[in-house]
Amino acid sequence: MGHVIQVSDVVKTYPLGAGEFVAINHLSLDVDDGEFVAVVGRSGSGKTTLLNLLAGIDRPTSGTVRVAGADLGSLSESGLAAWRGSNVGLVFQFFQLLPTLTVVENVMLPMDFAKTIPPGQRRDRAQHLLERVGVGDQADKLPATLSGGQQQRAAIARALANDPPILLADEPTGNLDSTTAEAVLALFADLSADGRTIVVVT
Ligand code: ADP
Ligand code: MG
C-alpha cells in the first residue's frame, strides 16, 4: 500500500521571546492508504501543530510533508487551499459549525467552495451525508439547537462534503460525554472501513 501521508524529518518552531520554541522536533511519520491512526499526547505536545502541517494550514520550519500525492511545501497559498478543499476533511473539538446557517447548509458550504459537486446535487448529497452519520432529521435546524454529539456528527458530515480521501480530527471527542465520544469514534472507524485514511488526535 502507498503512503498517503509522508512526514520526513519535520521541525516546527515558533518564535519565543529572543529565541524559539521547538513544537515538533525531527518527526518522521508514514501513514498507509486507508489506515486509521490515533495520535496521543499530553496537552502542549504538538498534536494540533502536526495536524495543521498535515492540512497545509501551517508550514514546517524544515523537513517535508507529502499528503495525498502533493508536496505541500511546493504549493502556493491558493494552491494549498484548492488542494485542501478536495483532499482533506477537518473535524475540530468545538465543531465550528457556522451558527447562522442550517445544518444542511453547513454541509453544503465546502461543496460551494470546491465546486467539484455540481450545484444541483449539493443539497441531496448533504442530506445523504447527514443520514450517513445519523443526523438526517436535524438537517433544517440551526446548529445551536443540536446536542454536542449531534453537532459533531454534522461537522463530520461537513468534513465528508467533497469526498476527501483523508480525514483529520483534532480532539473530536474532547467536548463530548464518554458515551457520545465512543459513538463518534465508532463512526470514524466506520468511515475508515470505507477506505478513507483517518488521523485522530486525542
Ligand atoms: P497540543 O495540540 O498537543 O496541545 P500544540 O500543537 O497546540 O499542542 O502546541 C505545541 C506547543 O507549541 C505548545 O507549547 C504551544 O504553546 C506552542 N505553540 C502552539 N502554537 C503556537 C504559536 N502560534 N506560537 C507560539 N507557540 C505556539
Ligand atoms: Mg491541540
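Key figures
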{"quantity": "Among (1) part of a helix (DSSP H, G or I); (2) exposed (fewer than 13 other Cβ atoms within 10 Å of the Cβ), the one test that G85 misses", "calculated": "(2)"}
{"quantity": "Residue match in region 179-201 (condition: within 25 Å of A70 (Cβ to Cβ), more than 16 Å from ligand 2 (Cβ to nearest atom), modelled with pLDDT of 95 or more and aliphatic (A, V, I, L, M))", "calculated": "yes"}
{"quantity": "Region 14-36, subset in a strand (DSSP E or B) and crowded, with 16+ Cβ neighbours inside 10 Å, residue nearest to ligand 1 (Cβ to nearest atom)", "calculated": "A23"}
{"quantity": "Where F92 falls short, out of the listed (1) within 12 Å of ligand 1 (Cβ to nearest atom); (2) out of contact with any Lys or Arg (no Cβ under 6 Å at 6 or more places or on another chain); (3) more than 28 Å from M108 (Cα to Cα)", "calculated": "(3)"}
{"quantity": "Condition met for F94 (within 14 Å of the chain's Cα centre (by Cα) and either without any contact (Cβ under 8 Å) to a residue 40 or more places away in the chain or within 16 Å of ligand 2 (Cβ to nearest atom) (or both))", "calculated": "yes"}
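Table: residues versus (1) in contact with a strand residue (DSSP E or B) (Cβ under 9 Å, 6 or more places away or on another chain); (2) small (G, A, S); (3) within 16 Å of ligand 2 (Cβ to nearest atom).
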| residue | (1), (2), (3) |
| --- | --- |
| E20 | yes, no, no |
| L27 | yes, no, yes |
| V31 | yes, no, no |
| L51 | yes, no, yes |
| S78 | no, yes, no |
| L98 | no, no, no |
| M111 | no, no, no |
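The values are calculated or read from the model by the stated rules, or taken from the named source; none is laboratory data. The model shown is predicted, which means the values in this text are computed figures rather than measured ones. Note: ideal-geometry Cβ built from the backbone for every residue, glycine included; neighbour counts use all protein chains shown.
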